[in-house]
Structures are given as C-alpha cells and as structure tokens.
Amino acid sequence: MNLILLGPPGAGKGTQAAKIIEKYNIPHISTGDIFRENIKNGTELGKRAQEYMNKGQLVPDELVVEIATDRLNKDDCKDGFLLDGFPRTVFQAEELDKFLEAKGAKIDHVLDIDVDRDELMRRLTGRRVCKKCGASFHIVNIPPKKEGICDVCGDELVQRADDNEETAANRIEVYNKETKPLIDYYEKAGNIHHLDGTVGLENLFANITEIVGE
Ligand code: AP5
Ligand code: MG
C-alpha cells in the first residue's frame, strides 16, 4: 500500500499519519520531520533546510527529492509507505513517479485533506509538539492531559519554530501557489480522494480507512 497525504500546513497530515501507520503497519515518511531531525542534530542538510523552513519557504527540489528517494530505497518501504509532505511541487511528483516506475511500483491513493484558512491558522498557532518524541497536540482541540507536558513520554511540549503567525501565513500562501497544482496532477492520474479535514479526528480517520480498505 503506497499512500500520499496531501493538504495545506495544519490540515492534520501528521496527526492522521500516526493513526494510519499504526493500522496498516507501513513506515511514515515526512520530509518535514527528516529536516527537523537534521536541524536538531546540527547536520549540513539541517543547516541548509533551516534557512528555508524558518521563512516558510520550500526547501529546493533537488535536495528534497534526494532525501525522499534515499528514504524510499530503504528495505522497510518494500511493502508500502505513507508519504506526508512529499511531493510538494509538480517537479517532485514527476520525480517520484519516475522513481516508482523504475521499480515497477505506483501510488495507490492520494489522500487530499482540505481545511479552510482560518482554521489552519488556529491549528498551526495552537499546535504544541513534544521536544523528545515529536507527538503533536493542540492547546484547544487536542490538549495534553497536563499542560505543557507530553502524554506519551512526559517530556516538555514546545512550539515549532515555523508555527508563529507570520511564517504560518506564508506557508499557507506557498502551499496555494506551489503545492495546490498537485491536485490537478493527481486528478489526471485518477487516484486522488478529497477529504473534509474538519469532521473531527476520528471521523476523518474512518473516512480514510474506507478508502484505503481493511
Ligand atoms: P512539514 O513538516 O511537512 O509541515 P506542513 O506541511 O507545513 O504541515 P504541518 O506539519 O504544519 O501540518 P500537518 O498537516 O501535519 O498538521 P498536524 O497533524 O500537525 O514541512 C515543514 C517545512 O519543511 C516546509 O515549510 C518546508 O520548508 C519544508 N519541507 C518539508 N517537505 C518539503 C518538500 N517536500 N519540499 C520542500 N520543502 C519541504 O495538525 C496541526 C494542528 O492541528 C495540531 O495542533 C493538531 O493537534 C491539530 N489537529 C490535527 N487534526 C485535527 C482535527 N481533525 N481537528 C482539530 N485539530 C486537529
Ligand atoms: Mg506535519
């Protein structure tokens, strides 16, 4: 099962990804998470990516395609994978298709989660993530049991560097300009499903499993 989660920043891709990978037992590949891990570890890749991420801009295609295909070449992706936040440009989608074609593989479903702009801004600015395990919460929608503390591992919850008003707004703009055209791209491929991201976490997950199957 090869899946893509598409949708604007804050649509709930990461939140649904955690549930999808548990149910279907496939690896979660988030290019954003890979970059944040590299930033945390002070790698050269992290330093390059951070310049763009802090402004809410996309990291250059060549860099992204290389890290994504490297990850997809790992053994654990042989029986399926869930891509979250990749591809994000038509160029990236074309490169992904070439890569998969060469392996005789394809994307089964593109899950496009839609949420209006005001709600996206509320979700992004209210998000809190665990410093240690990366679990994600929201101060109003999905609050942790104890304020500022991760339910999963007990470490501290922090705000992502790009979740301030200005950067979040820019990320939504960049999505509309550079990523939204992917909807047309996958519409032509015939494997895209549109999902309302405001129906509640569990309802959205139920709608996803209906598409993907048991
Ligand atoms: P990335 O990490 O991919 O971020 P993003 O696409 O901006 O998406 P987010 O992670 O912000 O949102 P999400 O949809 O995962 O929402 P979440 O589930 O957390 O990318 C970051 C940066 O890296 C980019 O800006 C770019 O610079 C770079 N990058 C990454 N990939 C790239 C690529 N391919 N090409 C170029 N550059 C790339 O939910 C958000 C909040 O809402 C949370 O607080 C959550 O608790 C809450 N929430 C979730 N679901 C619900 C619900 N159903 N109801 C109510 N609240 C909910
Ligand atoms: Mg995410």
Matching residues in the range 64-77 - criterion: being more than 16 Å from ligand 2 (Cβ to nearest atom) and either open to solvent by 40 Å² or more (accessible area, probe 1.4 Å) or among the hydroxyl-bearing types (S, T, Y) (or both) | E66, T69, D70, N73, K74, D75, D76
Inter-residue pairs, beta-carbon under 9 Å, first farther than 25 Å from P144 by Cβ and of a type in the set (A, V, I, L, M) and in the range 156-173, second open to solvent by 20 Å² or more (accessible area, probe 1.4 Å) and part of a helix (DSSP H, G or I), 6+ apart | A169/R117; A169/M121; I172/R117; I172/M121
Starting from residues that are part of a helix (DSSP H, G or I) and either in contact with a Ser or Thr (Cβ under 8 Å, 6 or more places away or on another chain) or open to solvent by less than 40 Å² (accessible area, probe 1.4 Å) (or both), keep the ones in the range 27-41 and report whichever is farthest from ligand 1 (Cβ to nearest atom).
-> N38
Within the range 56-67, identify whether any single residue is away from ligand 1 (no atom under 11 Å from the Cβ) and either more than 23 Å from E187 (Cα to Cα) or not hydrophobic (A, V, I, L, M, F, W, C) (or both), and answer yes or no.
-> yes
Identify, by number, the condition in (1) under 11 Å from the mean Cα position of the chain (by Cα); (2) of a type outside the set (D, E); (3) more than 12 Å from ligand 2 (Cβ to nearest atom); (4) assigned to a helix (DSSP H, G or I) that I4 doesn't meet.
-> (4)
Being open to solvent by less than 20 Å² (accessible area, probe 1.4 Å) and more than 10 Å from ligand 1 (Cβ to nearest atom) is the filter here, so list the residues in the range 3-26 that pass it.
-> L3, I4, I20, I26
How many residues of the range 184-204 are closer than 30 Å to V140 by Cα, in contact (Cβ under 8 Å) with a residue 12 or more places away in the chain and open to solvent by 30 Å² or more (accessible area, probe 1.4 Å)? The answer is 5
Only residues that are of a type in the set (K, R) and either in a loop (DSSP other than H, G, I, E, B) or more than 21 Å from the chain's Cα centre (by Cα) (or both): list them for the range 145-193, please.
-> K145, K146, R160, K180, K188
If you check D61 against the conditions, is it surrounded by 15 or more Cβ atoms within 10 Å (Cβ to Cβ) and over 14 Å from the mean Cα position of the chain (by Cα)?
-> yes
Do we have G80 as open to solvent by less than 20 Å² (accessible area, probe 1.4 Å) and in contact with a Ser or Thr (Cβ under 6 Å, 6 or more places away or on another chain) here?
-> no
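The values are calculated or read from the model by the stated rules, or taken from the named source; none is laboratory data. Note that the coordinates shown come from a computational prediction; the quantities given were computed from them, not determined experimentally. Here the Cβ is made from the backbone with ideal geometry for all residues, glycine too, and neighbour counts use every protein chain on show. Heavy atoms of the whole protein, side chains included, go into the accessibility calculation; ligands, DNA and RNA do not. Shrake-Rupley method; radii C 1.70, N 1.55, O 1.52, S 1.80 Å.
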